[in-house]
Every structure is written in structure tokens, then in C-alpha cells.
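Notes to accompany the following structure.
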Amino acid sequence: MTDPVSDRTKASETHAASPELEWRDGDMPYSSAFGDHFYCQTDGRLECGHVFLAGNGLPDRWQGQQDFLIGELGFGTGLNFCETWRQWRKLAPPGSTLHFMSFELYPMQAEEIDRALSHWSEIDSERQALAAAWPSRPEGVVSLKLDAHTRLTVVCGPALEGVRHARQSFDAWYLDGFAPSRNADMWSPELMQALHEKTVLNGTFATYAAAGFVRRNLQAAGFVVERRKGFAGKREMLCGVKPG
Ligand SMILES: C[S@@+](CC[C@H](N)C(=O)[O-])C[C@H]1O[C@@H](n2cnc3c(N)ncnc32)[C@H](O)[C@@H]1O
């Protein structure tokens, strides 16, 4: 999400313990272990719309489908989930269902989620519902039925393990695992391969990342990869499809 760093060894040594959460500029979460912000400093909610929703052809694709399953690498503050849920509530066809399944190694506490998301009044009701339902000790598989049409599952643990064990086939993926230069585990060939295996035909992915090795890992896994203009002045982002 931010500039690459040369010292990747340092990041991988520190990330085993915790993401070491800091707050910058009042309500902006930052991981000192990974040396990265949780979302774009310009506006994480708008970034979510540009990168993850539009990059996966959403909300348009919701129109033709009764049940939609989104997978995410890195739940973090739940911002992507809340913004997706907000748009889903406004735009999805009546009676359809959204299942959002995220893979997260270091789940936050409800107060941390609440603090980060309070920045956006647009997602007030989603934030409140998420913070109220979030367990005091998030571990294992957190499964929340947030309303009659919306389910959130957060699989706690390393993403590679979680995705490999998932039984579902996903319609769309949000790849949001900190900058590739700071957290190569979230962009590895093995993880991209596992994602591809757990994607429906014509299913998609999107990410703000544009690093060459990420693009090559996604292509090697079998995705057709497209480069698009990134958010807030970023030259490029990646999105793509598993050909049918
Ligand atoms: C950029 S943040 C995600 C932001 C999030 N999507 C949001 O809406 O706030 C990256 C997340 O990936 C998680 N993470 C880092 N390495 C991981 C791994 N190997 N497996 C699973 N989660 C990981 C971090 O704890 C962090 O929450």
C-alpha cells in the first residue's frame, strides 16, 4: 500500500509475534511490524470502491446472481467488508445473499475496529453492527449472521492454511495483505495457486498491488491478469479473471 522497502527480512522476522498496531493521525491504524498502513491514507473507503469493488466488476455482477461469495486476504479493520456490505444493501437484488469470508492472522479487538471505522459516517450502521457482534476473543472461525441476507466469516490464522482448507468456491477475491515488499507471504505462488483452485470459473480478483512478482504469481496460477489505473494517483493496480 505504501512504498516498497528493501529490508524484507526485518518484516518477516517481526510479523510472527503481532502486527504491533499503532494509531497515526488520530484514527489511522498502522502496523509497525509490517511497516504499513491498513489502507490508503487518502481515503480507504473510496479506495475499496475503486480497487476491490470495481476491480471485481461489482456491484454490476451482483445483478445476475442469487448468492455471492467474496473472499478476502486480510480482514484488518473490516473496512472492506463494511463498505461492501453498505453497497450490497443498496444495490443487490432483493432476496439475494452475500457471504464475505476473510482470512486474518491477527484479528483485531472490537474497540480497535470501532475506532478505525468511526472515521467514516457513511458506514456507521455497518460499523456498529460489526463491533457489536464481534467476539471478545476472536479465534478459530468467527461466523456472524449480520442480517437475513448477509453472513461474515473470518478464518483466523495464516491465509495459506485457511484458503487451502476452505471448501467453498469464491466468486471474487480482495487481495489486501499489506504491501508485497513488506509481506511476501500474502502474495506467494502457493497462496495464489490455492486462490485459483478456490475460485469459480469466470471468478475474479482485484488488488492495489502492482508488483511484477505478484502479477507473475497470479498468471502462473492460471488467472488472466489486467493492469488498471490505481487509486489516488497510484499508477497501476491489478485485477483479473479465472477463464471459464
Ligand atoms: C492491509 S491489512 C488489511 C486491511 C483490511 N482489509 C481492512 O479492510 O481493514 C492486511 C492484513 O493482513 C493480515 N495478515 C498479514 N499477514 C497475514 C497472513 N500471513 N495470513 C493472514 N493474514 C495476514 C494483517 O494482520 C492485516 O490485518
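The values are calculated or read from the model by the stated rules, or taken from the named source; none is laboratory data. Since the model is a prediction, treat every value here as computed from it, not as a measurement. Virtual Cβ from ideal backbone geometry, glycine too; neighbours counted across all protein chains shown. Calculation scope for accessible area: heavy atoms of the full protein, side chains included, ligands and nucleic acids excluded. Shrake-Rupley method; radii C 1.70, N 1.55, O 1.52, S 1.80 Å.
Against the conditions (1) out of contact with any His (no Cβ under 9 Å at 6 or more places or on another chain); (2) touching a residue at least 40 places away in the same chain (Cβ under 8 Å); (3) within 11 Å of the ligand (Cβ to nearest atom); (4) assigned to a helix (DSSP H, G or I), where does L160 fall short? Just the number, please.
Condition (2) is where L160 drops out.
Residues of segment 167-181 being out of contact with any strand residue (DSSP E or B) (no Cβ under 7 Å at 6 or more places or on another chain) and away from the ligand (no atom under 12 Å from the Cβ), which ones?
Hits for segment 167-181 are R167, S181.
Hey, can you tell me all the residues within segment 217-232 that are open to solvent by 70 Å² or more (accessible area, probe 1.4 Å) and not aliphatic (A, V, I, L, M)?
Matches in segment 217-232: Q219, E226, R227, R228, K229.
Regarding Q193, is this residue out of contact with any strand residue (DSSP E or B) (no Cβ under 7 Å at 6 or more places or on another chain), outside any strand (DSSP E or B) and farther than 23 Å from C239 by Cα?
It is false that Q193 is out of contact with any strand residue (DSSP E or B) (no Cβ under 7 Å at 6 or more places or on another chain), outside any strand (DSSP E or B) and farther than 23 Å from C239 by Cα.
Give segment 61-115 a look and list any residue that's part of a helix (DSSP H, G or I), more than 21 Å from D27 (Cβ to Cβ) and out of contact with any helix residue (DSSP H, G or I) (no Cβ under 9 Å at 6 or more places or on another chain), or say none.
The answer is R61, G64, K90.
I'd like the residue in segment 166-181 that is in contact (Cβ under 8 Å) with a residue 12 or more places away in the chain and open to solvent by 30 Å² or more (accessible area, probe 1.4 Å) and, out of all such residues, is nearest to R61 (Cα to Cα).
Looking at the filtered set, the residue picked out is S169.
Restricting to segment 65-89, name every residue that is among the hydroxyl-bearing types (S, T, Y) and within 8 Å of the ligand (Cβ to nearest atom).
Residue satisfying the conditions is T77 alone.
Scan segment 200-237 for residues that are touching a residue at least 60 places away in the same chain (Cβ under 8 Å) and closer than 20 Å to I70 by Cα and report the count.
Result for segment 200-237: 6.
Which residues, counting only those in segment 120-136, are open to solvent by 70 Å² or more (accessible area, probe 1.4 Å) and within 16 Å of the ligand (Cβ to nearest atom)?
Within segment 120-136, just E122 meets the criteria.
Is it the case that L152 is in contact with a His (Cβ under 9 Å, 6 or more places away or on another chain) and either open to solvent by 70 Å² or more (accessible area, probe 1.4 Å) or within 13 Å of the ligand (Cβ to nearest atom) (or both)?
yes
Could you please give the count of residues in segment 90-119 that are over 27 Å from L160 (Cα atoms), away from the ligand (no atom under 16 Å from the Cβ) and either among the polar types (S, T, N, Q) or in contact with a strand residue (DSSP E or B) (Cβ under 8 Å, 6 or more places away or on another chain) (or both)?
Adding up the residues that qualify gives 2.
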